[in-house]
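For reference, the structure is listed below as structure tokens.
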Ligand code: IVH
């Protein structure tokens with residue numbers, strides 16, 4: 001007997017099920033659908049249709065059927081929500097399109113300016129916006145292939161996140177299979193936020209307390225801690241929820257033309273979407289929505305830290321596009337954070353990676369905005385003068401969402417007369433070098449450069465950080481020891497570290513030494529963009545690094561570029577161009593790059609973009625092996641739509657071999673001929689898969 005595990009007409013893989021009586025097969029299928037219908041009613045609609053005991057009966061009936069006939073277990077069976085074995089670590093996965101952040105608006109003026117930019121960009125007098133709360137949780141991306149949930153990932157650095165599929169399966173409000181009509185044979189990606197309701201959070205903390213376990217500071221931390229569990233059975237016991245806020249898919253997946261339409265579609269598919277979502281027109285509409293939600297905020301069952309405005313028509317979103325990592329078509333309008341009064345115990349100076357001296361207020365611990373705050377930034381000297389903050393003062397501190405806490409002002413009436421004014425030192429508190437402040441800058445800097453241990457430590461931490469070289473296990477305590485013991489001065493020294501060198505250090509066992517050396521060795525295979533970012537050039541962030549890598553294609557080309565050439569890169573202005581060029585004028589920087597190369601650091605060089613409209617244009621590609629996230633067909637489509645060609649065999653004329661896991665002899669051939677071998681990430685960089693065409697928000 002043959003059954004297609006899903007509904008009739010589906011293009012799903014046909015399963016051959018032997019020895020299962022037709023009636024049991026049908027019963028299992030009915031039970032799966034029925035249980036998920038009740039999950040939806042309970043967790044999404046908040047309107048249960050049957051008592052819990054009856055639900056449990058259905059569930060155990062399905063369990064026993066599946067035990068009797070294991071071939072009845074489908075990946076979207078509700079019994080599969082729990083029970084996956086603990087993982088040793090999370091696998092890293094590339095996002096199909098990047099998970100970007102949103103620009104922030106704080107004041108009404110910011111919102112008016114946003115609407116003006118949008119109207120000017122589109123050449124329209126009135127623009128329609130889809131508006132919704134900004135959930136204070138963690139972003140995740142859920143992939144459905146042929147209607148079945150196959151992969152769930154955290155946001156990570158926006159381009160690559162962690163595979164938390166097994167954990168997300170345990171979240172009852174995430175449908176394991178899309179309900180109703182959905183695109184057959186297609187992949188759709190649903191994005192949204194995982195969070196915890198306040199009442200569930202309180203209950204969880206009670207349970208934790210009773211069990212003598214750690215309590216969570218706020219619902220957001222509790223949600224994050226619960227999702228990032230290596231054992232999905234722990235996650236399953238945590239009351240996590242999900243709200244969807246965007247969907248994208250292959251071009252022919254038939255998604256609606258507006259964001260609000262997409263939200264309706266998501267609701268039909270069984271996803272929770274915010275009941276507070278609306279469509280409004282113009283800045284006035286945005287602002288009145290902000291006020292309305294601001295008033296209702298406390299009565300929502302979960303925390304929000306603002307509202308989000310998105311241009312409703314997806315085609316218009318595409319026309320507006322992105323700047324850097326944020327879309328021009330959307331903005332987050334934040335609510336002011338919570339405030340509290342506390343005492344300034346001291347004012348200390350921190351020295352950053354670029355030598356910037358930041359005065360930081362050490363505060364008497366105070367609970368505000370869901371966490372205990374002990375430090376607040378005072379930004380710079382002028383800011384301290386303006387607010388007249390003194391040591392011993394009582395101050396108002398504010399903490400909003402994920403932003404660093406700040407001192408709002410001083411309660412002058414509470415002064416005793418013993419307060420002490422703060423003076424910015426004229427010498428670096430760490431290395432004693434002169435502190436300089438350029439006439440047109442608010443920031444004072446230590447002039448010690450890499451002679452200053454503080455700057456050196458920060459530079460090394462930056463080099464090793466997740467978004468740069470991604471050396472796992474190299475934290476600040478370790479860098480402190482390595483620098484203080486003069487074992488490490490430059491990033492090249494870092495890469496030279498062997499197990500024997502690490503042996504004598506505090507808190508460094510054999511196992512962690514081995515792991516660190518492995519992480520160091522793994523980090524050597526990187527991308528040009530990450531490498532440029534890792535260098536820590538002033539004014540060159542992650543997104544500029546990507547732009548520079550895509551434009552110049554190689555370290556040599558970048559190193560020799562003049563300031564004029566640098567300014568031809570989109571979004572690169574005189575300040576960035578001048579810091580890049582100053583960086584490469586320093587002999588010691590070039591030396592470090594050369595040493596890193598000699599130590600085996602490899603960054604896939606990519607074809608420069610300036611010669612053609614796209615780096616993939618008129619190039620020949622060969623595909624081999626399985627790519628982590630995209631099918632061969634999709635890869636081919638991506639290459640072809642960027643003007644490239646895909647051929648079957650490797651020859652001298654091949655420009656790139658795109659290799660996935662289990663590659664064939666084509667990879668060997670490519671190596672023999674010295675042809676560029678790239679992975680999925682580089683392929684995306686090459687074909688500009690990050691373009692707006694793929695983004696439907
Ligand atoms: S839309 C291209 N809508 O805010 C823009 N984001 O700063 C895609 N967030 O990490 C984001 N609620 O996880 C969008 N209703 C909402 C949201 C929302 C919360 C989070 C999101 C992202 C961050 C952006």
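Bear in mind that the values in this text are calculations on the coordinates, not laboratory data. Keep in mind that what you see is a predicted model, and the values were worked out from it rather than measured. Positions of Cβ are generated from backbone atoms using ideal geometry, with glycine treated the same way; all protein chains shown enter the neighbour counts.
Work out how much length residue 64 to residue 567 would gain on full extension: take 0.36 nm times their residue separation and subtract the Cα-Cα distance, in nm to one decimal. Numbers along the way, then the final one.
Working: separation 503, 0.36 × 503 = 181.08 nm, distance 6.68 nm.
Additional length available on full extension: 174.4 nm.
Inter-part distance, the stretch 327-347 to the stretch 79-132, computed on C-alpha centroids, equals 20 Å.
Listing 457, 669 from fewest to most neighbouring C-beta atoms within 10 Å gives 669, 457. Pairs of Cα atoms under 8 Å, at least six residues apart: use those to get the relative contact order of the stretch 264-415, whole percent. The normalised contact order for the stretch 264-415 reaches 16 percent.
Contour minus end-to-end for residue 480 and residue 411, with contour as 0.36 nm per residue of separation and end-to-end as the Cα-Cα distance? Between residue 480 and residue 411, full extension yields an extra 21.1 nm. Subtracting the Cα-Cα distance of residue 362 and residue 420 from their residue separation scaled by 0.36 nm leaves 19.5 nm. FRET efficiency for the residue 661 to residue 326 pair, using the beta carbon distance and R₀ = 25 Å, is estimated at 0.15.
If R₀ is 30 angstrom, what is the calculated FRET efficiency for the pair residue 597 and residue 466, using the beta carbon separation as r and rounding to 0.05? Display every interim value, and only then the final one.
Working: r = 22 Å, r/R0 = 0.74.
With a Förster radius of 30 Å, E is 0.85.
Label-to-label distance for residue 587 and residue 515 is 4.2 nm, based on points extended 7 Å past Cα in the beta-carbon direction.
Pairs of Cα atoms under 8 Å, at least six residues apart: use those to get the relative contact order of the stretch 25-72, whole percent. Spell out each step's value before the answer.
Details: 23 pairs, mean separation 20.9, N = 48.
Value for the stretch 25-72: 43 percent.
Computed from Cα atoms alone, the Kirkwood hydrodynamic radius reported for the stretch 372-414 is 11.0 Å. Taken along the Cα-to-beta-carbon direction at a fixed 7 Å, the label points for residue 179 and residue 382 span 5.6 nm.
Please state the relative contact order of the chain as a whole percent: Cα pairs under 8 Å, 6+ residues apart?
Values: 1253 pairs, mean separation 69.0, N = 697.
With pairs under 8 Å counted, the relative contact order is 10 percent.
Report the label-to-label distance for residue 500 and residue 257 in nanometres (one decimal), using points 7 Å from each Cα along the Cα→Cβ vector. Calculated label separation equals 7.1 nm.
Cβ crowding within 10 Å, taken as a proxy for footprinting-reagent exposure, orders 516, 460, 230, 474 from fewest neighbours to most as 230, 516, 474, 460. Working note: 222 nm ellipticity from helices only, DSSP H runs with n ≥ 4, each -39,500 (n - 2.57), summed and divided by the residues of the chain, gives -10000 deg cm²/dmol to the nearest 500.
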